[in-house]
1. Looking at region 72-86, can you tell me whether even one residue there is modelled with pLDDT of 85 or more and among the polar types (S, T, N, Q)?
2. Restricted to region 140-158, and to residues that are of a type in the set (D, E, K, R) and modelled with pLDDT of 85 or more, which residue is surrounded by the fewest Cβ atoms within 10 Å (Cβ to Cβ)?
3. How many residues does region 110-130 hold that are assigned to a helix (DSSP H, G or I) and either more than 15 Å from the chain's Cα centre (by Cα) or in contact (Cβ under 8 Å) with a residue 12 or more places away in the chain (or both)?
4. Tell me, which strands (runs of 3 or more DSSP E) lie completely within region 1-109 with 2 or more residues that are over 13 Å from the mean Cα position of the chain (by Cα)?
Amino acid sequence: MRLVIDGYNLIHTVPELAFASENGQGREALMEALRLYRKKRPHKVKVVFDGGIEPGGAKDRLAGTPVSFSGAERSADDVIAALAAKEGNGITVVTSDRELAGRCRAHGAVVISSEEFGGRLLEVALGLPPTGEGGEDGWDFTTKKKGPAKRLPKTQRKKARRKGRL
């Protein structure tokens, strides 16, 4: 799986990273968490940040992770949308920006919110057990039928599969 992350959006969404950002260490904290994440998950990760020294943008590696800076002429949203247009169905975009999410979905990319990914990132990076959405052990023991079976729409099933791989 290939992940493209809206860097500053993720930093300001995850409380632990936002705290580090207040101390001027947000980008470094994110890159360290991603370094630990990538040790345990073989996903290809690319982080896109706004700004940079060069007007047209620049590419670099921080903590072993590819990073792109959008430059003064473009926003990170435009860079991520261009990647989504180029690769379409092959990437998963991590952002909570609704406008960017809509642009990426239009090109076939799967979008996961920064809140969802941020929680999973910290669980994996810190070695915490995954939090379940069910009961204590994630299993509901009732046998009562709750109505006719309903299959989720294809886009939601696809998103759920990708989230399961995070």
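1. First, pick out the residues of region 72-86 that are modelled with pLDDT of 85 or more: 75-86.
Restricting the remaining residues to those that are among the polar types (S, T, N, Q) gives 75.
Yes, region 72-86 has at least one match.
2. Lys154
3. 12
4. Values: elements: 2-6, 44-49, 58-62, 65-69, 91-94.
Hits in region 1-109: 58-62, 65-69.
The values are calculated or read from the model by the stated rules, or taken from the named source; none is laboratory data. What you see is a predicted model; the values in this text were computed from it and never measured. Note: ideal-geometry Cβ built from the backbone for every residue, glycine included; neighbour counts use all protein chains shown.
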